[in-house]
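The values are calculated or read from the model by the stated rules, or taken from the named source; none is laboratory data. Here the structure is a predicted model, which means the values were calculated and not measured. FYI the Cβ positions are ideal-geometry reconstructions off the backbone, even for glycines, and counts take in every protein chain you see. Note: areas computed on protein heavy atoms with side chains; ligands, DNA, RNA excluded. Shrake-Rupley method; radii C 1.70, N 1.55, O 1.52, S 1.80 Å.
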Amino acid sequence: MYSVAEEAVRQATTEDNGGNFWCYALVEGGLYSLVFCEGRLVYWSEERGVGGESASLEAYLRRIRCFLKTDVLFSRIGHFAEMELQFRFDRRNFKKSARNPFWKEVNLRGVRRSSHLEVPWKMLGTVLLLCLALLYELWVYREKDSLSCKDCVEAAPVELLPAPETLESAEPVEKDYVEKLFAEESAVVRKKCSLPDFRLNGVVGEKLAMFTVAAEYRVASPGDSIGDFVVESISRAGMRLVCGDSVVVRGVGDE
């Protein structure tokens with residue numbers, strides 16, 4: 001889908017539209033939308049359960065048009081030329097689009113990527129662990145054999161000394177003093193979380209968050225760190241960051 005849209009945008013880009021396009025296609029009950037700014041893909045979405053009726057499709061299209069006009073990032077661009085795609089799956093197009101850096105760090109299928117050498121390395125590691133375990137068992141067996149003695153003389157039992165009497169003069173520890181020490185230690189152990197000032201410009205398919213920190217444009221996905229906080233989840237409305245017990249929810253356009 002992305003490869004077909006990119007080729008169509010490249011052919012239709014002129015000085016008038018500046019490469020700003022909104023491409024959409026209805027495939028097997030799903031409405032796919034791809035937004036291009038200056039010829040580069042910056043947003044994509046998938047709406048499931050869209051019927052083939054013209055009224056149902058038009059309702060979804062009106063909602064996306066409203067989103068492009070009201071979004072903080074896209075509203076600055078203004079007009080997006082609309083383009084309906086005629087999509088047909090092609091393996092060559094899939095391989096071509098997969099090389100684009102936009103999808104490099106995004107795992108859309110939820111399957112962990114693995115290299116061809118991963119399985120041999122796992123097998124080699126398992127064999128090494130088994131060899132180390134066997135060597136350890138042999139070493140323990142030899143140590144036990146060398147320490148065994150048939151003619152060893154049993155040592156005399158050791159007399160246990162009586163427990164010392166509790167000093168009656170010992171002063172009891174005050175409860176308030178113990179609570180004060182606990183509070184001071186807890187304050188030291190408690191993690192201090194800092195979050196730099198940033199503006200959330202927009203989200204991409206609930207997978208990526210585009211934000212600006214100190215006039216620097218950045219992109220984050222779930223699991224990435226912003227300051228001491230970690231991106232827990234990304235939704236259409238914004239993203240959620242956590243740091244220990246601290247939780248920060250930042251909406252699109254918030255600073």
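Observations on the model:
- Ordering of 57-63, 12-18, 137-143, 229-235 by burial proxy (mean other Cβ atoms within 10 Å per residue, highest first): 229-235, 57-63, 12-18, 137-143
- Within segment 216-239, backbone nitrogen closer than 16 Å to the virtual label 7 Å beyond the Cα of residue 192 toward Cβ: 227-229
- Local electrostatic count, residue 1, Cβ distance below 13 Å [Lys/Arg +1, Asp/Glu -1]: -4
- Using a probe of 1.4 Å on the protein chains alone, the accessible area found for residue 66 is around 70 Å².
- Backbone geometry of segment 133-142 corresponds, through the Karplus equation with coefficients 6.51, -1.76 and 1.60 at θ = phi - 60°, to 3J(HN,Hα) couplings of 5, 5, 4, 5, 4, 5, 5, 5, 5, 5 Hz, x marking Gly and Pro.
- Net charge of Cβ neighbours under 13 Å - reference residue 233; Lys, Arg +1; Asp, Glu -1: +1
- Approximating the spin labels as points 7 Å out from Cα along Cα→Cβ, the residue 66-to-residue 89 distance works out to 3.4 nm.
- Gyration tensor verdict on segment 1-92 (Cα atoms; rounded if a/c is under 1.5, prolate if a/b is larger than b/c, oblate otherwise): oblate
- Rough spin-label spacing in nm, given labels placed 7 Å along Cα→Cβ, for residue 236 and residue 76: 2.3
- Cα-Cα separations in segment 198-255 greater than 20 Å, expressed as whole percent: 11
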